[in-house]
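This report concerns only the one structure given below.
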Amino acid sequence: MSKTTDFYSQQSPEVSINQLQSKRKIGLSEKQVRDRLEEYGLNEVQATEESVLKRLMKRFWGPIPWMIEAAALLSASAQKWEDFSIIIVMLLVNAVLDFLQEHRALNALKVLKHNLETETHVLRNGKFQTIPSKYLVPGDIIELKIGDRVPADVQLIDGEYLLLDESALTGESLPVSKETGQVAYTNTLVKQGQMQAIVVNTATKTRFHSVVALITKTQQKETSHFQKMVLKIGHFLIGFTLLLAIIIVLVALRNGDPFSEILQFVLVLTVASIPVALPAVLSVTMAVGAMNLAKKQAIVSKLTAIEEMAGIDIFCSDKTGTLTQNKMQISDPILLPGYELDTLFLNAIMASKETNRDPIEIPIFDYAQKSFPELLSSLPEQSSFTPFNPHDKYTKGGYQKNGNHYIALKGAPQVIFKLCNLSPEGLEQMLKQVDELAAHGYRTLAIARQSEMQIELIGLLPLYDPPREDSKDTIDRMESHGVQVKMITGDNLAIAREIGKLLGLKGAGIQASKLSGGGGQTLLELAQVLTQSIYQNLKQDVTHTEAGQFADKVIQQLKEMYDTRLLDREFIYQHESAIVELIESTEIFAEVIPEDKYRIVDTLQKGGHIVGMTGDGVNDAPALKKADCGIAVSGATDVARASADIILTQPGLSVINDAIIQSRETFKRMQTYATFRIAETIRLILFITLAISVFNFYPITAIMVILLALLNDIPILTLAYDHVKSNGTPVRWQMKRLLTLSTVLGISGVISSFLLFLILEAEGFEQDIIQTMIFLKLVVAGHMTLWILRNDGWFWEKPYPSPLLLGAILTTEIIGTLFAVYGLFVTAIGWEMALLVWSYAIAWMLINNAVKIVTVKLLNRYQKEETEKPSAAFSQ
């Protein structure tokens with residue numbers, strides 16, 4: 001049984017070397033390596049990759065594919081080969097488009113992963129050699145130096161120290177120092193130092209195997225909102241069509257029509273009404289959106305992320321490396337009386353070594369370059385230098401100036417203060433100063449100078465990890481789009497709050513441990529934050545007394561749970577009724593672990609929110625996978641990229657706002673198509689059913705149904721390129737609203753068709769002429785319905801339709817008109833009758849547009865009233 005990584009930190013390196021059967025000067029033999037590769041496998045997180053054939057065949061399995069395949073079989077059984085061919089083509093188009101988009105994204109991920117593969121300097125058979133890190137095994141002795149990424153969990157066995165950036169794993173922005181005997185974890189970055197280490201664990205046996213387990217837990221996301229919507233629309237149309245088809249069969253049989261003809265007509269009508277092209281059209285629409293994002297250096301690895309992005313109302317972001325630069329910077333230096341700023345920086349620089357690229361020293365040189373360029377050009381020669389080590393916790397360097405010899409010191413304030421022999425009052429004052437800086441999220445360096453035997457304290461240098469230049473603008477724009485932004489970080493609360501203030505996050509901040517209810521004080525703070533949330537979200541018709549009573553009730557319940565020992569981390573996360581209020585009102589979560597990020601996202605989702613998440617480290621991967629739309633930022637680890645839905649390949653977050661706008665435009669196009677498709681199905685099959693049932697008259701023939709379906713599909717496919725106006729707030733599928741609007745427009749279409757039928761019958765036209773005129777009316781009016789659905793106002797209002805959509809609509813209407821005028825597949829009616837049908841359709845287009853506007857206004861009013869109702873919590 002393999003031991004945990006932390007176990008090795010409790011024993012000496014020699015014991016670990018012996019236990020792993022390695023040798024300090026020789027390493028492992030080739031035979032040992034082969035045996036251990038066979039036993040432990042490659043040093044990488046193996047992603048389960050489906051075969052190309054399996055991924056392709058999945059496109060033909062599921063409710064919508066089954067429905068299309070059944071329609072194809074029915075067509076074949078009736079020997080309707082034209083219908084069969086059309087259905088098979090649409091099925092293949094849907095499957096191939098979806099497959100190609102996923103395949104392209106997977107290939108992009110493979111390229112990214114290949115570019116991120118690292119190599120390691122390893123000792124084997126007494127010689128150091130460079131090998132790919134994935135071939136490392138426990139017992140390998142490796143060399144780590146500045147700039148290296150630790151390739152596996154290791155124990156340090158030789159050398160002075162390493163300064164490690166663990167932000168990719170813990171979210172902590174400040175580097176930590178490690179020395180002989182201590183362990184270093186996979187994916188941490190060596191910022192300074194050089195040491196030898198022995199590999200103790202690889203792949204999923206590493207310290208953060210729990211993170212991998214969380215990713216695996218969310219490997220298969222729940223059905224997306226897009227998939228649920230497609231299924232709901234499909235089920236509605238299938239059920240509606242089958243019900244009316246049964247009515248048609250029963251009525252026709254009662255009227256004595258031949259069963260074979262009835263079956264043929266109903267079969268064609270059913271196939272035309274089933275949303276065969278629904279998945280294909282919506283996939284094409286999303287694929288176009290994905291290609292537009294690709295131009296902005298954002299790779300969409302999961303097509304449904306485009307639709308999910310449109311509905312995001314809460315956006316959670318990692319801090320370090322995502323909102324901040326992960327690069328320390330000096331704030332306002334603090335000088336002791338009698339010293340100048342250039343003296344402070346002269347000694348800070350002389351106690352540093354630029355070639356070491358120490359992350360603590362780099363900001364000193366950067367600040368001096370901007371503020372004192374003349375100082376850098378006339379620096380005295382550094383006569384000696386003692387680097388930082390974990391024991392002394394300071395650096396020092398010797399130099400001469402004006403004939404005097406000095407030693408500059410730079411390091412931890414508490415250590416430097418002791419060296420300076422400050423008075424008790426002076427020491428208390430300086431410690432208070434450092435504590436105040438720490439409370440605001442700053443890490444402080446103390447700078448001193450030694451002349452002869454006296455050490456003088458010169459001043460303090462506060463350091464912090466500054467936000468990216470575009471972070472505040474990105475957050476402001478996101479909030480203007482109706483998206484609430486939350487910062488989730490492994491840093492302490494003081495640092496998180498300070499960065500949050502710079503980014504404009506003014507909401508409550510909380511330590512993740514406060515979510516666990518781990519003590520009486522914690523519980524009280526949780527209840528207080530919850531109470532603040534309740535008061536902040538008061539509705540006009542809810543009094544302070546009612547809100548206060550509800551808050552007291554919640555607090556009492558929390559106390560009772562705590563008193564009976566029922567309140568623990570798992571329980572509080574399962575109690576969404578209380579915790580969702582807390583998380584919704586909190587903008588900053590500090591000191592989180594990967595499990596906290598995952599559960600915060602999960603709880604918000606259970607509260608009805610669509611959640612986005614950005615991140616770059618392994619610690620972000622579970623939350624990226626769990627979120628409705630996970631976004632891996634530029635420079636993210638391969639684990640984070642593999643877990644994300646969208647991968648940014650360029651620095652900065654501004655593309656996220658572009659993605660939000662793009663996704664909402666894509667959503668609008670999909671919504672237009674879905675509404676049109678449902679309205680058209682209702683208009684067609686309800687009209688035919690009523691005509692057969694009431695008048696015993698087939699208003700159109702089977703061939704007309706097929707032609708109508710073909711002509712409808714052409715403009716529909718160009719919807720993906722239409723000009724639309726994105727919503728200013730998050731959008732999501734509202735099936736009740738969608739079905740209501742579609743049904744109203746569908747019934748309006750039925751009325752217009754019946755009115756035309758009654759007029760033509762009253763005028764004494766022959767049956768075949770009536771059928772052709774109704775066919776032309778259905779073609780022209782149907783495409784006009786598509787036109788009026790593009791916005792909530794009148795069809796002539798901006799944005800105007802794209803040339804491609806307008807051209808497709810006019811082309812298909814003209815083709816339908818030519819069919820009717822010259823009698824192609826139908827009875828000819830001539831230009832005069834065709835123009836009358838066009839005039840009738842245009843008149844009803846204006847009527848339908850007015851009906852749509854009134855319906856939308858009523859639906860908006862209803863939605864507003866529902867939103868403004870007191871919440872269930874207050875009404876109880």
Practice prompt. Please work out the Cα convex hull volume for the range 574-700 and give it in Å³ per residue.
Written response: 180
Worksheet entry | 5 angstrom amide H check on SER177, placed H, neighbours 5+ away | LEU164
Response to the item:
Whole-Hz Karplus couplings 3J(HN,Hα) for the range 350-362, θ = phi - 60° and coefficients 6.51, -1.76, 1.60, Gly and Pro as x, run 5, 8, 10, 9, 4, 5, 6, 6, 5, x, 7, 8, 4
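Just check the range 456-508 against the gyration tensor rule for me: Cα atoms, a ≥ b ≥ c as the square roots of the eigenvalues, rounded for a/c under 1.5, and otherwise prolate or oblate depending on whether a/b exceeds b/c. List each step's numbers first, then the result.
Details: a/c = 3.44, a/b = 2.24, b/c = 1.54.
Prolate is the answer for the range 456-508, as a/c is 1.5 or above and a/b outweighs b/c.
Mind jotting down a quarter of the surface of the convex hull over the alpha carbons of the range 332-464, in square nanometres, one decimal? Let's see the in-between values first.
On the way: hull surface 32.5 nm².
That works out to 8.1 nm², a quarter of the Cα hull's surface.
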Response to the item:
With 0.36 nm assigned to each residue of separation and the Cα-Cα distance removed, ILE853 to GLU865 gains 2.5 nm
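Bear in mind that the values in this text are calculations on the coordinates, not laboratory data. If you're wondering where the values come from, they're calculated on a predicted model, not measured in any experiment.
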